[in-house]
Amino acid sequence: MLIRRPSDVRPSEITPEQVYRDRRRWILQAGLAASAMGLSGWTDRRAFAQTTGVKLPAARNGAYVVMDKPTSQKDVTTYNNFYEFGTDKGDPSSRSGRFRTSPWSVSVEGEVLKPQTLSIDDLRKLAPLEERIYRLRCVEGWSMVIPWIGYSLSALIRRVEPTGNAKFVEFVSAMQPDTMPGLRVPVIDWPYVEGLRMDEAMHPLTLLAFGVYGETLPNQNGAPVRVVVPWKYGFKSGKSLVKIRFVEKQPMTSWVRAAPHEYGFYANVNPEVPHPRWSQETERRIGEDGLFSPKRKTLKFNGYGEQVASLYSGMDLARYY
Ligand code: MTE
């Protein structure tokens, strides 16, 4: 995979503006075509329910609670990125009502001694559920503070007994063409694929999440199960997972494939490394965005440096962005 320091890359190579404009125009046209095809009719009354109403009891784990004020449940459940349902922030909540999350199973496979397919109920019961309040920082420059419910992904990883060849973990999201109108628009190569290095996946902060705000995950937030990696940009946290695969080589992830100069495999939150189109120095906290509210300074590793910086000691984080 071609990864170079931004300083090594000639400005003309960083997504020429015309290409970017063409791509934007194309996405826009595809969107218009989609609505002309009647896809807006995918909106379902149930989709407007912001929450599932299904309680998911969990004890709060104080070791993983940030002090920032949580973002409102309304913002967490209506301002989303879930391109399988559309590219507007409101699309996931308004168009995901027909998405089927039951029955659901997750296949855990690849370089493991005990590959298995777990039903969502078995997966949820695998370890005690905890409530954790994490910051989420999107590469687009906004952030939220979200009370998730889940357990450390490491509990599942230990259960399947990775072999010595397991160096990376790949996360594959669901594709349900009849309920996901966004799949008709090739924003990325579907399905949505993300990945982590094995030590990142084993880090206790990496959460396998089943709920938010005291209830099971609403479809727009990645029902029925997703991953949450709080020190990385939000796109690393794949939603509605159907497959978790252990592999020897660094997986090709969706955003790296789509725009390698813009998105790296590591994607650690880093105010010192700008995205070609967005400085990453500051962020807008959703819910605080009054006309005069100051932007917040973005924290390296999204504020989780004490816990995770050692994973990257000796690595040039501008090169491995
Ligand atoms: N997972 C899938 N399958 N599809 C997506 O479009 N978007 C990502 C990530 N996971 C995305 C995804 C991005 S860019 C962000 S910022 C977070 O989900 C947003 O999570 P939230 O909507 O629950 O806040």
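Bear in mind that the values in this text are calculations on the coordinates, not laboratory data. Source: prediction; values computed, not measured. Quick reminder, even Gly has a Cβ in these numbers, built from the backbone with ideal geometry, and neighbours come from all protein chains shown.
Summary of computed values
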{"read-out": "Per-residue ³J(HN,Hα) for region 105-116, Karplus 6.51 cos²θ - 1.76 cosθ + 1.60, θ = phi - 60°, Hz, x for Gly and Pro", "value": "9, 10, 8, 10, 8, x, 6, 9, 6, 10, x, 7"}
{"read-out": "Hull-based mean projected area of region 131-197, where the convex hull spans the alpha carbons, in square nanometres", "value": "6.9 nm²"}
{"read-out": "Highest-first arrangement of 146-158, 307-319, 232-244, where packing means the average Cβ count within 10 Å", "value": "232-244, 146-158, 307-319"}
{"read-out": "Amide H contacts under 5 Å for Val65, placed H, 5+ residues apart", "value": "Ile133"}
{"read-out": "Three-way shape label, region 6-312, alpha-carbon gyration tensor, a/c 1.5", "value": "rounded"}
{"read-out": "Out-of-range pairs (alpha-carbon distance over 21 Å; input Lys239/Lys295; Lys167/Lys236; Lys69/Lys295; Lys55/Lys232; Lys89/Lys239; Lys114/Lys243)", "value": "Lys239/Lys295; Lys55/Lys232"}
{"read-out": "Residue-by-residue Karplus 3J(HN,Hα) for region 255-267, coefficients 6.51, -1.76, 1.60, Hz, glycine and proline x", "value": "6, 5, 5, 6, 7, x, 7, 9, 10, x, 5, 6, 6"}
{"read-out": "Residues whose placed amide H lies under 5 Å from that of Glu215, excluding near-sequence neighbours", "value": "Leu56"}
{"read-out": "Residues whose placed amide H lies under 5 Å from that of Trp142, excluding near-sequence neighbours", "value": "Arg284"}
{"read-out": "For Glu262, Glu170, Glu161, Glu306, order by how many other beta-carbon atoms lie within 10 Å, fewest first", "value": "Glu306, Glu161, Glu262, Glu170"}
{"read-out": "Cβ-based exposure ranking for Tyr79, Tyr213, in which fewest neighbours within 10 Å come first", "value": "Tyr79, Tyr213"}
{"read-out": "Tensor-based shape of region 106-228 (alpha-carbon gyration tensor, a/c under 1.5 rounded, otherwise prolate or oblate)", "value": "rounded"}
{"read-out": "³J(HN,Hα) computed for each position of region 56-71 - Karplus, 6.51 cos²θ - 1.76 cosθ + 1.60, integer Hz, glycine/proline x", "value": "10, x, 7, 7, 5, 9, x, 5, 10, 10, 7, 7, 4, 5, x, 5"}
